[in-house]
Structure formats: C-alpha cells, structure tokens
Amino acid sequence: MITTKACGVGFDDLVKSDSRHSLVLMIMIKACGVGFDTLVKPLPPPAGGPMKIRQEHPQDYPEVYNLVKTAFDSNPKTDGTVPDYLNGLRTKDTFIPKLSLVAQHENGQIVGQVVLYKTEITTAEKTLTQLVLSPISVHPAHFRKGIARTMMERAFEIAQDLGYTAVFLCGNPDFYRKIGFAPTHEFGIYHINDKDKNAEWCMVRELTKGALSNISGTINIE
Ligand SMILES: CC(C)(COP(=O)(O)OP(=O)(O)OC[C@H]1O[C@@H](n2cnc3c(N)ncnc32)[C@H](O)[C@@H]1OP(=O)(O)O)[C@@H](O)C(=O)NCCC(=O)NCCS
C-alpha cells in the first residue's frame, strides 16, 4: 500500500481497474522496485507466533506434564516437583478449569501452560478470596517470543470476567515486573514466610485498579 501510494497509485485504483489497466499498474509497481509478492505478503504473525490460547482439557494433562517438566528442568532454582504439584492442584476445589490455559502451536504441539487458582488473603476483619498464578511454563524452544505474556493477559481477562480483582504469585521479580506485578509489601500484604516484610518475590497484580486499597493482611502461597 505504502509503495503504491508512493507511486501515486491508490489501492482502490488497483482493485477497480480492468485487466489492461492492471497490467499497466503492475508495470508501474515493478518500476518502483517492488514485486507483487511484496504487496500481497501477509502480516507477520503476532508476538508468540501462530499460537492458539485455549482452556486446558483433561486429555492434555500428559502432554502438559512433559511440557512443565521440560520447562522447569531449565530453571536451576526448582526441585523437579512442579509437574506433580500441578497434577495435585487440578484435584483441589481451589482449581478453576476456565483458568487453566494452554498455548497450542499451529502444528498441534502444546508449548505453554498457565494456571490461576483460588487462594485466601487473611485480614484482621475478614478473609478475601483472590487468585494465585502457579505454575507457568513455556517450552524452552519458544522462550522470549511473548507466549508467557500472551497466556497471562488472556488468563487475566477471563479472571476479571469471573469477578476476581487481583492475582498473587511467588516468583522471579525481574520477569514478573515486566508483566505488571509488584511486591505485595507495597500493598500492605505479606507472605507468611516474609519475616522482614520486604520480600520482592511475593508479588501481586491488581486486575482492577485500587482492588487492594485499604487491605492489610497475610498470604500463604507456594
Ligand atoms: C519464565 C517463562 C515462563 C517466560 O516465558 P516466555 O514466553 O519466554 O516469556 P515472554 O516471552 O512472554 O517474556 C515477557 C517479558 O519477560 C522477559 N523475560 C522472559 N523470561 C525472563 C527471565 N527469565 N528473566 C527476566 N525477564 C524475562 C522477556 O524478555 C519479555 O520482556 P520484554 O517484553 O521487555 O521483551 C519461561 O522462561 C519458562 O517457562 N521458564 C521455565 C519455568 C519457570 O521458571 N516458570 C516461572 C517460575 S517463576
């Protein structure tokens, strides 16, 4: 489009013209140093590549188990228990099937997964139900393509539709800050193991701005 416009020819002219005019236009396009293929080439795939983000189904569990194992084997800070932790998570009443998502490549392979499940924040006055994000995995062959970010943003949209207003997690602050998470101590919420009340690894992202205003409490998550 930019090229045809730069040549003084609009796209409308191109599609409305009869075959004789099309020939002339094609010659003009060639003369501008650009092939027709260039003009009709599809846009590059969105960040994350040609992936579909969808709800995880029970038939995915064995493939997801292997994916989680492969992904976490690349993280030296973990102890190999995450795939079984996820299997256990799916049997609890805190599990929300709509918030267990996978990223499926167009070749059918599952290359990412994320789970948000219910947790409780204990305040002096009451107990509030919110969400924990854990685990999240991307196949190492697809790291840094935006798959984790895309899965999380989709999960947060669904969570908001379900009425949740905040997502907590324990994890690498360098990574999660990029996704809009901040340490929970900034909101007056402390992990039960955070004796100094300054842990950077216990984090939260408000799904609704101000959701955590006027709340002070503790959280016990893995
Ligand atoms: C962590 C993990 C889920 C990231 O997946 P990913 O699809 O590569 O992440 P994205 O491509 O969506 O990255 C989003 C942003 O975070 C950055 N990022 C990705 N991995 C990062 C890391 N380990 N440390 C710091 N930043 C990281 C990306 O560069 C990108 O930043 P940008 O938007 O400024 O460019 C993936 O590396 C993984 O599965 N690791 C093994 C399992 C694991 O450790 N899970 C998380 C436990 S806390």
Contour minus Cα-Cα span, Ala141 to Lys118, at 0.36 nm per residue, comes to 5.2 nm
In this structure, the FRET efficiency calculated for Glu63 and Asp93 from their beta-carbon separation, with R0 = 25 Å, to the nearest 0.05, is 0.50
One computes Rg over Rh for segment 139-222 from alpha-carbon atoms, with the Kirkwood Rh, and obtains 0.99
Of all C-alpha pairs within segment 51-219, those more than 25 angstrom apart amount in percent to 30 percent
Full extension between Arg149 and Asn198 adds, at 0.36 nm per residue less the Cα distance, a length in nm of 15.1 nm
A student applying the Cα gyration tensor rule (rounded when a/c is under 1.5; otherwise prolate if a/b is larger than b/c, oblate if not) would label segment 113-179 prolate
Checked against a 19 Å limit on the C-alpha separation, the offending pairs among Lys52/Lys98; Lys69/Lys118; Lys52/Lys178; Lys52/Lys145; Lys77/Lys145; Lys178/Lys209 are Lys69/Lys118; Lys52/Lys178; Lys77/Lys145
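Computed from the coordinates by the stated procedures, all read-outs in this text should not be read as laboratory data. What you see is a predicted model; the values in this text were computed from it and never measured. FYI the Cβ positions are ideal-geometry reconstructions off the backbone, even for glycines, and counts take in every protein chain you see.
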